[in-house]
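Comments concern the structure below.
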Amino acid sequence: MVWEPKNCCVCATPKIGTLVLGWLGLIGSALNTVGLFRYVNTTRDDFTAVCKNITKDMDHDIIDTETCVDIFYGSIGVTAVVSVIGIIICGLLIWGVNKYKPAMMMPYLCVKGFGITLAIAAGVLVTGFFIYVQLWLPLVLFVVFYGLVVFLDVYLFLVVRVCYKEVKQHSVAMGGGSDIMYVEQRDALYPQKM
């Protein structure tokens, strides 16, 4: 059994907290996507000039200018894809909460749960590195601050989970069930011919 917060940030209901998180995520992803437009007029020569400055003091066996330019293009592409996925997932979260569609909230919960798992794994690896090289003060600072960030992330995940359960109960109470149940009921009434 998992502890469930009764409200979000002391005074807001889980629904309001979830909507605020959804809107903040949507706005952040949209701003990140808009920020990528500054690279629209950037030519390969501009990236090459930047990469020459970066790689001038480096050993060219490690990275050359062309590889650096390819990394720039790759990072722009990955950022664009992640931003668009963030817009879609946060939009589904907002829509699911407002229209009482619990199935639309699941992508956000899955991605956030996966992100928390990766954050904990990364924290364990960095902590192990600090212990290995015996850097005790940075270890303590990292554990305290990174632990607070992960705690906040988990808390907000639990708020969205509570909202998901409330939306699911409301949806079932209204006779609709979830979207997945509707598809299963439809397929039972109208079997597909093979």
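Shape index of region 90-132: Rg/Rh, with Rg the Cα radius of gyration and Rh the Kirkwood radius from the inverse mean 1/r over Cα pairs, equals 1.32.
Translational diffusion coefficient of the chain at 20 °C, 1.002 mPa s, Stokes-Einstein with Kirkwood Rh over Cα pairs, in µm²/s as a whole number. Calculated translational D: 104 µm²/s. If the segment from D46 to N32 were pulled out straight at 0.36 nm per residue, it would be longer than the present Cα-Cα gap by 2.9 nm.
Axis of helix 136-173 versus longest Cα principal axis of the chain: the two differ by about 30°, to the nearest ten degrees. Angle of helix 14-35 to the longest C-alpha principal axis of the chain, folded into 0 to 90 degrees and rounded to 10: 30°. Angle of helix 65-98 to the longest C-alpha principal axis of the chain, folded into 0 to 90 degrees and rounded to 10: 20°.
Highest mobility in the GNM of the chain, judged by mean-square fluctuation with C-alpha springs under 10 Å and restricted to C110, C90, C68, is found for C68.
Just so you know, the Rg over Rh for region 14-100 is 1.22, from Cα atoms, with Rh as the Kirkwood radius. The lysines within cross-link reach of K101, meaning a Cα-to-Cα straight distance under 28 Å and a gap of 8 or more places when in the same chain, are K6, K15, K112, K165, K168. Ranking of E166, E66 by neighbouring Cβ atoms within 10 Å, starting from the fewest: E66, E166. Projected label points at D64 and V150, each 7 Å from Cα along the beta carbon direction, are separated by 4.1 nanometres. The residue among F157, Y100, F47 whose Cα reaches farthest toward the positive pole of the charge dipole of region 14-189, with charges on the beta-carbon of Lys, Arg, Asp and Glu, is Y100.
Each value in this text was obtained by applying a stated rule to the coordinates, not by laboratory testing. For clarity, every value in this text was computed on a predicted model and none was experimentally measured. So basically every Cβ, Gly included, is an ideal-geometry build from the backbone, and we count neighbours across all protein chains shown.
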